[in-house]
Amino acid sequence: AVVVMLGTNDLKARFAVGPYEIAAGVGRLLSIVATAGVGPDGGRPKVLVVCPPPILPKAPGFPDWYEIFSGGADKSQGLAKRYAEVATEFGAAFLDAGGIIRSSTFDGIHLDASEHGTLGAGVAAAIHQLV
């Protein structure tokens, strides 16, 4: 199986894109995976799309994130819906990481150590359902 989880950095203000465009980028990658011939017998692999958890609007550990990701917290709230649509379009499984983990209150972007284990277990369970 192929797991795709990305998009948080796309929320940076300098890229000026919203959830629809970010999900469209995931769709481009899914299109590449679908035609890469890397699945069983050179076919299409099973794919899991994981939407990162929403980022926090402001966090004390790294206040500069707030400026770099200005508007990103609001945009991140709309990612799961768009990612689910793209996953469905490409016949991929979908996991909303925001349903099982939260971004760190330290910097609002990354994951605390405990969340990595929870996310890993969630991804493993989703992959187990695929195969």
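The values are calculated or read from the model by the stated rules, or taken from the named source; none is laboratory data. Everything numeric here is computed off the predicted structure, so don't read it as measured data. Cβ coordinates were reconstructed from backbone atoms using ideal geometry, including for glycine residues, and neighbour counts include every protein chain displayed. Heavy atoms of the whole protein, side chains included, go into the accessibility calculation; ligands, DNA and RNA do not. Shrake-Rupley method; radii C 1.70, N 1.55, O 1.52, S 1.80 Å.
G71: surrounded by 13 or more Cβ atoms within 10 Å (Cβ to Cβ), out of contact with any Phe, Trp or Tyr (no Cβ under 9 Å at 6 or more places or on another chain) and more than 27 Å from H128 (Cα to Cα), yes or no? Yes, satisfied.
Taken over the range 25-50, the residue count meeting the criterion of being touching a strand residue (DSSP E or B) at 6+ places or on another chain (Cβ under 7 Å) and either polar (S, T, N, Q) or part of a helix (DSSP H, G or I) (or both) is 4. Residue count for the range 72-122 under the criterion of being of a type in the set (V, I, T) and under 13 Å from L56 (Cα atoms): the result is 3.
Reported count of residues in the range 90-113, each being over 16 Å from the mean Cα position of the chain (by Cα) and open to solvent by 60 Å² or more (accessible area, probe 1.4 Å), is 5.
The single condition among (1) loosely packed, with under 15 Cβ neighbours inside 10 Å; (2) part of a helix (DSSP H, G or I) that I22 does not satisfy is (1). Figure legend. Inter-residue proximity from the range 66-88: first residues without any contact (Cβ under 8 Å) to a residue 24 or more places away in the chain and among the polar types (S, T, N, Q), second residues open to solvent by 70 Å² or more (accessible area, probe 1.4 Å) and not in a helix (DSSP H, G or I), beta-carbon distance below 8 Å, spacing 6+ or different chains. Indicated pairs: T88/F94.
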